[in-house]
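Participant: Handing you a structure now.
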Amino acid sequence: MKLATLRTGATTRAVRLDGDTLVDLGAPDVGTLLGQDGWAGHAAAATAANAATYAVDGAAYAPVVPRPTKVICVGLNYRTHIQEMGRDLPEHPTLFAKFADSLIGAGDDIVRPDETGQFDWEVELAVVVGKQVRRARGEEAEQAIAGFTVLNDITCRDWQFRTREWLQGKMWDSSTPVGPFLATPDELPGGVRPALDVRLSVDGEVMQSDTTADLLFDPVHLVEYVSTIVRLNPGDIIATGTPGGVGHAREPGRYLQGGESVVAEIDGIGRLENRVVKEGTS
């Protein structure tokens, strides 16, 4: 299945993609749906005959989970990106956090803050948690994965590297597109360890291109690792890291100035297409 959170006027609805139709799942958003017992069976059972429907054409998507209790991000998880940043392969996942206020929808404008001169892109496969777990291992960790979505970890590099901690470069308000769909593992080659092509382009020029098969720490390992530290709840997001090709690693560095179209996509899941706008001009 592919699930999304659809904007319908001043409200949102959890929907399932069914060809050129979106079928209402009776919940206000995907995060709320994932908190319900038996959510997968309920989502699969909804049909156009027993639920409201909406057209895919012209659909406006909110973040696939609008208010996760946590967004955990992994840095340095593709060999290509680790090498371009001049670092050694890590022994353990490098973690930082984002907040719900950072998230925007798949087609929303990315607002470039006035305070940064190094606004960068990072396409990522993101895990969406489907059940509450703590210290999950093996099959329990696999079953905790509701599915996967696309996330663009837009980063203010000059703020990121002000200190040894990256958080202040990563958590800017309304900066992180996520969506449009949650694809359940049965939709994807490799299931909970999917092998998918990942790409990002800026104004049509391909900047990043790799496969999730290059991940050092796969999604199941990340659920095990993160849930050792903190409880994971339905709707929580784990962004698994970005491949090589970021602007900061180029010579000279290339950064988003405003006016660009940024497309981040993962085969089998979906596509984020966002315009970069300078703060106060959207």
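Participant: Just give me the residues in segment 199-243 being surrounded by fewer than 24 Cβ atoms within 10 Å (Cβ to Cβ) and over 24 Å from Glu91 (Cα atoms), in sequence order.
Facilitator: If the condition is that a residue be surrounded by fewer than 24 Cβ atoms within 10 Å (Cβ to Cβ) and over 24 Å from Glu91 (Cα atoms), then Arg199, Ser201, Val202, Asp203, Gly204, Glu205, Val206, Met207, Gln208, Ser209, Asn233, Pro234 are the ones that fit.
Participant: Here is a further query. Of the numbered conditions (1) assigned to a strand (DSSP E or B); (2) under 20 Å from the mean Cα position of the chain (by Cα), Pro28 fails exactly one; give the number of that condition.
Facilitator: If we test Pro28 against (1) assigned to a strand (DSSP E or B); (2) under 20 Å from the mean Cα position of the chain (by Cα), just (1) comes out false.
Participant: Enumerate the strands (runs of 3 or more DSSP E) found wholly within segment 184-282, keeping only those where 2 or more residues are at pLDDT 95 or above and under 25 Å from Gln143 (Cβ atoms).
Facilitator: Details: elements: 197-202, 205-211, 237-239, 261-266, 270-278.
By residue number, 237-239.
Participant: Continuing with this model, one more query. In the same structural domain as Gly105 (by TED's automatic domain parsing), within 15 Å of Lys98 (Cβ to Cβ), surrounded by fewer than 21 Cβ atoms within 10 Å (Cβ to Cβ) and in contact with an Asp or Glu (Cβ under 6 Å, 6 or more places away or on another chain) - does that describe any residue in segment 175-198? Explain how you work it out, then say what you get.
Facilitator: Within segment 175-198, the subset in the same structural domain as Gly105 (by TED's automatic domain parsing) is 175-198.
Narrowing further to those that are within 15 Å of Lys98 (Cβ to Cβ): 175-179.
Retained after the next criterion (residues that are surrounded by fewer than 21 Cβ atoms within 10 Å (Cβ to Cβ)): none.
No - not one qualifying residue is present in segment 175-198.
Participant: Same structure again: Please go through (1) out of contact with any strand residue (DSSP E or B) (no Cβ under 6 Å at 6 or more places or on another chain); (2) assigned by TED's automatic domain parsing to the domain that holds Asp236; (3) not basic (Lys, Arg) for Asn50 and return the number of the only condition it doesn't satisfy.
Facilitator: So Asn50 meets the others, but not (2).
Participant: Identify all residues within segment 60-92 that are among the small types (Gly, Ala, Ser) and not assigned by TED's automatic domain parsing to the domain that holds Thr228; write none if there are none. So that I can check it myself, show each step before the final result.
Facilitator: Here is the first cut: in segment 60-92, the ones among the small types (Gly, Ala, Ser) are 60, 62, 75, 86.
Residues satisfying the conditions are Ala60, Ala62.
Participant: Aromatic (Phe, Trp, Tyr) and within 19 Å of Ala144 (Cα to Cα) - does that describe any residue in segment 177-186?
Facilitator: Taking segment 177-186 and keeping what is aromatic (Phe, Trp, Tyr), we get 181.
The next check asks that each one be within 19 Å of Ala144 (Cα to Cα); those that pass are 181.
Yes: segment 177-186 contains one or more residues that are aromatic (Phe, Trp, Tyr) and within 19 Å of Ala144 (Cα to Cα).
Participant: Let me ask something else about it. Please work out which residue is surrounded by the most Cβ atoms within 10 Å (Cβ to Cβ), limiting yourself to segment 83-109 and to residues that are more than 27 Å from Thr184 (Cα to Cα) and in contact (Cβ under 8 Å) with a residue 24 or more places away in the chain. Show your work before the answer.
Facilitator: As a first pass, look at segment 83-109 and keep what is more than 27 Å from Thr184 (Cα to Cα): 83-91.
Next, only the ones that are in contact (Cβ under 8 Å) with a residue 24 or more places away in the chain stay: 83-85, 89-90.
Numbers: Gln83: 13, Glu84: 16, Met85: 13, Leu89: 9, Pro90: 14.
The selected residue is Glu84.
Participant: Name, by its number, the condition in (1) outside any strand (DSSP E or B); (2) over 19 Å from the mean Cα position of the chain (by Cα) that does not hold for Val23.
Facilitator: Failing condition for Val23: (1).
Participant: For segment 161-170, does any single residue satisfy the condition of being modelled with pLDDT of 95 or more and buried (at least 16 other Cβ atoms within 10 Å of the Cβ)?
Facilitator: Taking every residue of segment 161-170 in turn, at least one turns out to be modelled with pLDDT of 95 or more and buried (at least 16 other Cβ atoms within 10 Å of the Cβ).
Participant: Being surrounded by fewer than 17 Cβ atoms within 10 Å (Cβ to Cβ) and at pLDDT 95 or above is the filter here, so list the residues in segment 9-18 that pass it. Step through it out loud before you land on a result.
Facilitator: Quick first cut of segment 9-18, residues surrounded by fewer than 17 Cβ atoms within 10 Å (Cβ to Cβ) only: 9-11, 18.
Those that are surrounded by fewer than 17 Cβ atoms within 10 Å (Cβ to Cβ) and at pLDDT 95 or above: Thr11, Asp18.
Participant: If you don't mind, there's one more thing I want to ask. Identify, please: which residue in segment 249-268 is of a type outside the set (S, T, N, Q) and in contact with a Phe, Trp or Tyr (Cβ under 8 Å, 6 or more places away or on another chain) and is, among those, farthest from Tyr78 (Cα to Cα)? Please lay out each step first, then the result.
Facilitator: Restricting attention to segment 249-268, the residues satisfying the condition of being of a type outside the set (S, T, N, Q) are 249-256, 258-260, 262-268.
Okay, now just the ones that are also in contact with a Phe, Trp or Tyr (Cβ under 8 Å, 6 or more places away or on another chain), so 255-256, 262, 264, 266.
Details: Tyr255: 21, Leu256: 22, Val262: 21, Ala264: 16, Ile266: 15 Å.
Across segment 249-268, the extreme among qualifying residues is Leu256.
Participant: Assess whether Val230 counts as being more than 14 Å from Ala97 (Cα to Cα), among the hydrophobic types (A, V, I, L, M, F, W, C) and touching a residue at least 24 places away in the same chain (Cβ under 8 Å). Can you show your working first?
Facilitator: Values: more than 14 Å from Ala97 (Cα to Cα): no; among the hydrophobic types (A, V, I, L, M, F, W, C): yes; touching a residue at least 24 places away in the same chain (Cβ under 8 Å): yes.
Against the criterion (more than 14 Å from Ala97 (Cα to Cα), among the hydrophobic types (A, V, I, L, M, F, W, C) and touching a residue at least 24 places away in the same chain (Cβ under 8 Å)), Val230 does not qualify.
Participant: Further, regarding this structure: Checking the conditions here, which among Val246, Val277, Val226 is over 15 Å from the mean Cα position of the chain (by Cα) and farther than 20 Å from Asp109 by Cα? Don't jump to the end; show me each part of the working.
Facilitator: Numbers: Val246 fails: farther than 20 Å from Asp109 by Cα; Val277 fails: farther than 20 Å from Asp109 by Cα.
On inspection, the qualifying residue turns out to be Val226.
The values are calculated or read from the model by the stated rules, or taken from the named source; none is laboratory data. Everything numeric here is computed off the predicted structure, so don't read it as measured data. As a convention, Cβ positions derive from the backbone with ideal geometry for all residues, glycine included, and neighbour counts pool all protein chains shown.
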